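Just so it is clear, none of the values below were taken in a lab; they were calculated from the coordinates. As the structure is a computational prediction, the values presented were derived from the model and not from experiment. Here the Cβ positions follow ideal geometry from the backbone for every residue, glycine too, while neighbour counts run over all protein chains shown.
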Amino acid sequence: MAYSEKLIDHYENPRNIGSLDKNAEDVGTGLVGAPACGDVMKLQIKVGADGLIEDAKFKTFGCGSAIASSSLVTEWVKGKTIDEAETIKNTDIAKHLALPPVKIHCSVLAEDAIKAAIADYRAKAAQKFAKPDDNEVERQEAVAE
Amino acid sequence: MDHFARLGVPAALDLEPAVLDKAYFALQRRWHPDRFVGKPAEERARASTEAAALNDAYRTLKDPLARAVYLAGLKGVELPGDGKTIDDPELLMEAMESREALHDATTIEAIDSLADQARQQSQQALTALGSLFLRDDKPAIRKALLRLRYLDKFAEEAQGRRANLVKKVGIANG
C-alpha cells in the first residue's frame, strides 16, 4: 500500500511534538485512546488573550497514520479561534493525508483529541469566571504567604 | 452455541490450559476431515464447519485476555471496536506514561525491567477480574479489560523495541 507524501512527511518530520503545562489556565489538554489498536494520543492547545490558539503540542503512541494525523491537527489549529478549531473534521484530516480506508480511525482519534482539548480549555475558563470571588481570595492568600 | 459450550468446558476466567487442550484435541479428532472422506457432501460440509468453529473457539479461549473479553461479552460488557475512542483520563494517563518510559528506555535491561513490571500488572489485573465477575460489576470489568488491552499493547511494543535494540547492538559489535 502506498502512503501519500504528505503522510510520510508528517510521520518522518512530525510538527509540534511535546507537552505544554497541563495545569496552566490557558492550556487545554485532550487525552484520547483507541483501545482496539492500543493507540494513545495527547493533544494540547495554548489559547492567547486574543482568543487565538497560539501554540499546540502533541504526543502520540500509535501507528504512523495516528502520528501524522495529530501532527497535522496541531499545525492546522495554530492561529485559529477555538470555535474554528472545533470544526475540524476527521474527514478533512483523512483527505489531506490521503489515509487508506483501514487507517481512517486514526483521523477520528485526532478529531476527538482536539475536541477534548477544547472542552478541557472551556471547562477551565468557565471555572475561572464562575467563582471570581473565591479566586480573588486564593490569590490574596497566595500573596500573603 | 458459545465457545465454552462448544468445547464442553466451564465458562470461567481461570480455565486450566490442560483441560482446554484436552477438550479441543478430542473434538478436533472427531471432526477431522480425514474421517469424512467418502462420506456424503452434507456430512463433509458439517465436519468442516464444526472444525472451523472449534478452531475459532480454541483460539479465543486459549489466550487469557481474549477469553476474559469474550466472557465479558457474553455478560453484556462490550468493548469499543475499531475506530471507537475512549477518554478515561486515569487509564490513558497510565498508558501514556508507560509508553513514554518505554520510549526513553535505551538499554535492554531497562526495557526488560519495564516489560516485567507490565507483566506483573497484567497478572494482577487478570486475577482481580475474577472478583469483578463475581460481583458482576460491569463498568469495572470494562475498565479492567481496557487497561489489560493497553498492557498487552505495551508488551508487544516492548518486544519490538527490544528486538530492534538487540539488532542494533549486534551490528555495533559485529
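Just a few scattered comments:
- Tallying residues that are more than 11 Å from chain A (Cβ to nearest Cβ) and assigned to a helix (DSSP H, G or I) within the range B:139-174 yields 20.
- Residue in the range B:35-55 that is surrounded by 12 or more Cβ atoms within 10 Å (Cβ to Cβ), under 24 Å from the mean Cα position of the chain (by Cα) and closer than 30 Å to B:GLN121 by Cα present: yes
- B:GLU78 being outside any helix (DSSP H, G or I) and either more than 30 Å from B:LEU7 (Cα to Cα) or within 14 Å of another protein chain (Cβ to nearest Cβ) (or both): yes
- Any chance A:GLY30 is closer than 25 Å to B:LEU91 by Cα, touching a residue at least 60 places away in the same chain (Cβ under 8 Å) and within 14 Å of another protein chain (Cβ to nearest Cβ): yes
- Residue in the range B:145-157 that is within 20 Å of A:GLY33 (Cα to Cα), touching a strand residue (DSSP E or B) at 6+ places or on another chain (Cβ under 6 Å) and surrounded by 16 or more Cβ atoms within 10 Å (Cβ to Cβ) present: no
- In the range A:33-54, the residues that are within 14 Å of chain B (Cβ to nearest Cβ) and surrounded by fewer than 23 Cβ atoms within 10 Å (Cβ to Cβ): A:ALA36, A:CYS37, A:GLY38
- All positions within the range B:89-124 that are touching a Lys or Arg at 6+ places or on another chain (Cβ under 7 Å) and within 14 Å of chain A (Cβ to nearest Cβ): B:LEU91, B:MET96, B:LEU102
- Only one of the listed residues (A:GLU25, A:GLU75) is in a loop (DSSP other than H, G, I, E, B), acidic (Asp, Glu), out of contact with any strand residue (DSSP E or B) (no Cβ under 7 Å at 6 or more places or on another chain) and more than 11 Å from chain B (Cβ to nearest Cβ). That residue is A:GLU25.
- Yes/no for A:VAL102 being closer than 23 Å to B:LEU91 by Cα, β-branched (Val, Ile, Thr) and within 14 Å of chain B (Cβ to nearest Cβ): no
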